[in-house]
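Each remark here refers to the structure printed beneath this line.
The values are calculated or read from the model by the stated rules, or taken from the named source; none is laboratory data. Note that this is a predicted model, so its numbers are computed, not measured. Quick reminder, even Gly has a Cβ in these numbers, built from the backbone with ideal geometry, and neighbours come from all protein chains shown. Each accessible area value is taken on the protein alone, full model and side chains, heavy atoms only, with ligands, DNA and RNA left out. Shrake-Rupley method; radii C 1.70, N 1.55, O 1.52, S 1.80 Å.
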Amino acid sequence: MSELKTKQVFSQPLQADETHVELNAQQQFSAQQTFVPSVSEEETTGDVESQLEQVIRPARRRKWGVVSVLTAFSGLVVWQAVDSVFSAIQSADWLSLGWAGFVSLLAGFGITALGREWWRLRQLRQHFSVQEQAEALIEQDAVGQGRVFCEQIARQSGIEAHSPAYTRWLNSLEHTHSDADVLEMYDAMVLSEQDKQATKLVSQYSTQAAALVAISPLALADMLLVAWRNFSMIDQLADLYGVELGYWSRLKLFKAVLVNMAAAGASEVAIDAGMDLLSMDLAGKVSARAGQGLGVGILTARLGLKAMSLLRPLPWHKERAVRLSAIRKQIVAKVTALTVR
Amino acid sequence: MKRIGQEMTDLLHRGLDSHVRLAVTGLSRAGKTAFISSVVNQLLHTSTHDNLPLLAAARDKRIVGAKRVPQTNLMVPRFAYDEAMEQLTSTPPQWPVPTRDVSEIRLAIKYHSTRRTRKLISSTSTLYLDIIDYPGEWLLDLPLLDLDFASWSKQQFNALHGLRAELAKPWLAELDALNLDDEANEKTLAHIAALYTDYLHQCKAQGLHWVQPGRFVLPGELDGAPVLQFFPCRYLNDDNKPVKHSMLALLKQRYEEYQNKVVKAFYKHHFATFDRQIVLVDCLSPLNQGYESFMDMRSAIDQIMQSFRYGRSGMLSRLFAPKIDKVLFAATKADHVTPDQHASMVSLLQQMIHPAWQHAAYENIDMSCISMASVRATQSGHIDTPQGKIAAIQGTTEEGQTITVYPGDVPQKLPHADYWQQHRFEFSSFRPAPLESDAPCKHIRLDRALETLIGDKLK
């Protein structure tokens, strides 16, 4: 135990802690690790973990085979291009040079589009890693990184530096707050504003979907309508939380949302499904279309909520998580207003 | 008639779950009075300041305001909040004087409820929070309720080793010279009791906490009363009856009187009806004093915890037999170390309260540990040195000297007893920081403590 540092009295003036330190997550984690009591002794960690909602994120895989084939291919293409340009110049074949220029211009557009896709996919992946970092910060109750982390999140999700919620959060911060405290305050003060808007969006879209299905006379049209509404809902949610989506990243996110819906906690499903079935059954008694509309509306709401939990930078705190029941009521009201006269 | 009406109102509040009695438990000097003053201060300021960001109801702006209301128990003095605040705001600021008697304060917290049933009744709901302050020494008497004179004596003599045996020498010498079967002589008894009291005082001065009976050290209104003139005796058997009118008979009689009239009355009036409990533990001063002091405090806390009733309380038990269903263990004086040491402090606290935790865990209640400071005394920051940044705190010590200091690491586990022979912990104690006028006092994680203790009642 002799490695404990002893008391030290200073004569220099005390400096307030700098706030704009670059976050060097990997390194600081390992430096902080010595201060964290091991998991088996800290009874409170179990508590914290159970308070966070579990989210399944897409796994990160490195496809070395694909990468190497692509590199070889693009290398060969570039070589071929350079070679053909050279031979065209040497043989003064201006027509083929023109064609080469035209084709490479087209290829340039394609490459930029691909690059943008790749960049956005990367951004989504980074977003998920931010969520994982947040979970780690909450679980290990250290000091000193929470503020920088949250400021970074705020920048990424496009929160204005002068918005009242953000300034309120900044003003309530103290040096003595642990990282978990800081994150909790950010979650409850700043992020809750975004959550409110997102919940509004979800309920708006799901009532719309419910209404569309309840009044549309054609089954195929229903499906198309619902798919369209759902995609545009996820787009809007991503926009709200400041996650930029491309084609592939959108698909990836949609897949992740579906996986999360399928693998939702058993208890959650039991309670929700019970209520859903009951309300659908009741509505079905009134009119079959109303029952279908209600079912689709609730499905859309669930999709939206899962998308929210994937798009938020921080994991849901159990107490503050938006519940389906809050949205269900609005859907029921809308559908009954439409069908029961 | 008025009294019955008052009690009916109380019963109604309890039935509606809008009344919480908070037990603030802790040994002497653990910071109970500072905690209560700070809680009252913070809650009174919720309407104007954003000072409790980790208390969900205050953060969501659901608390309308709070005020002090007259307590129902008119026989108990009111908690001296104004005096405590006066001391905190004086120049130089002082800690509130240690409690010498029981006192009580009642707060009414008005809030917007999120529950639909409550919202139906009225737009705002009120939570009544009763907080009771009492000297920590008296709390140590509660275990006496289960012990008779012989077993109490045995327990006291079993504890006589190490430092205690050294301190007890003058008292033991007189005690051994005394023949317990002699005709009772009040004067002799008073003399030996005074020596015993002296021994208890010295134990406290040396940083030992398990001091029984507590009224000997802090008699309150009982100063000099014969009921406080007894002491444990050696070699007692349960079966042999003391000779009539002997010294022993008188000692035994006084002990029983003490149990029934002093301890039981204290327990019945103030301790039987708690809903929530916070146990304040000062982990730093036993570290300053040594291994023995730490272990002594640990057993004292365990003993105290035995006297409370724990368990889940439903509607009926809340009305007629309240039980504590949430316990928060808090390491106080978190402002006396740098923020990076708070995690170690919590881990040390867990070791300190381990037996008590086991005791209460059986009842399946919510328990948690935090580090906090009710009234912040220091400012944290860092010092730039050639070796890099060093975390430091700045404050004014009790001697009036302003220092900037790295107070030293807090061990995550209690070091072995021989660690103290080479090293010393030197956690200095600080004066409270000066208050801005009309602002709540600064704190560390008091809001988190309140969230744990009454957060669910403010929904």
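Of the numbered conditions (1) modelled with pLDDT of 90 or more; (2) of a type in the set (S, T, N, Q); (3) within 26 Å of B:Pro286 (Cα to Cα), B:Gln94 satisfies every one except a single condition; which is it?
(1) is the only condition that B:Gln94 fails.
Select from the range B:325-370 the residues that are more than 10 Å from every other protein chain (Cβ to nearest Cβ), among the hydrophobic types (A, V, I, L, M, F, W, C), in a strand (DSSP E or B) and in contact (Cβ under 8 Å) with a residue 60 or more places away in the chain and list them in ascending order.
Result: B:Leu328, B:Ala330.
Going by what's in this entry, would A:Glu193 be described as over 23 Å from A:Ala136 (Cβ atoms), within 14 Å of another protein chain (Cβ to nearest Cβ) and of a type in the set (Asp, Glu)?
Considered against the rule, which asks whether it is over 23 Å from A:Ala136 (Cβ atoms), within 14 Å of another protein chain (Cβ to nearest Cβ) and of a type in the set (Asp, Glu), A:Glu193 comes out as yes.
Of the residues B:Thr91, B:Thr114, which single one is within 30 Å of A:Glu319 (Cβ to Cβ) and either in contact (Cβ under 8 Å) with a residue 12 or more places away in the chain or assigned to a helix (DSSP H, G or I) (or both)?
Just a single option satisfies the conditions, and that option is B:Thr114.
I'm told B:Asn179 meets every condition in (1) in contact (Cβ under 8 Å) with a residue 24 or more places away in the chain; (2) closer than 21 Å to B:Ile304 by Cα; (3) part of a loop (DSSP other than H, G, I, E, B) except one. Can you identify the failing condition by its number?
(2)
Search the range A:208-218 for residues being more than 19 Å from A:Phe254 (Cβ to Cβ) and open to solvent by less than 70 Å² (accessible area, probe 1.4 Å), and hand back the single one that is modelled with the lowest pLDDT.
Step by step, filter the range A:208-218, then rank; the result is A:Ser216.
Go through the residues of the range B:247-268 one by one and say whether even a single one is surrounded by 13 or more Cβ atoms within 10 Å (Cβ to Cβ) and not in a helix (DSSP H, G or I).
no
State yes or no: is B:Leu140 farther than 30 Å from A:Tyr186 by Cβ, open to solvent by less than 80 Å² (accessible area, probe 1.4 Å) and touching a residue at least 40 places away in the same chain (Cβ under 8 Å)?
When the stated conditions are applied, B:Leu140 passes them.
On the given criteria, is A:Gln123 within 14 Å of chain B (Cβ to nearest Cβ) and surrounded by 15 or more Cβ atoms within 10 Å (Cβ to Cβ)?
Against the criterion (within 14 Å of chain B (Cβ to nearest Cβ) and surrounded by 15 or more Cβ atoms within 10 Å (Cβ to Cβ)), A:Gln123 does not qualify.
Considering only the range B:49-72, state which residues are more than 14 Å from chain A (Cβ to nearest Cβ) and either in contact (Cβ under 8 Å) with a residue 60 or more places away in the chain or part of a helix (DSSP H, G or I) (or both).
B:Ile63, B:Val64, B:Thr72, listed by residue number.
Can you find even one residue in the range B:443-456 that is assigned to a loop (DSSP other than H, G, I, E, B), among the charged types (D, E, K, R) and more than 8 Å from chain A (Cβ to nearest Cβ)?
No, that holds for no residue.
Output yes when any residue across the range A:126-148 is among the basic types (Lys, Arg), away from chain B (no Cβ under 14 Å) and open to solvent by 30 Å² or more (accessible area, probe 1.4 Å), and no when none is.
no
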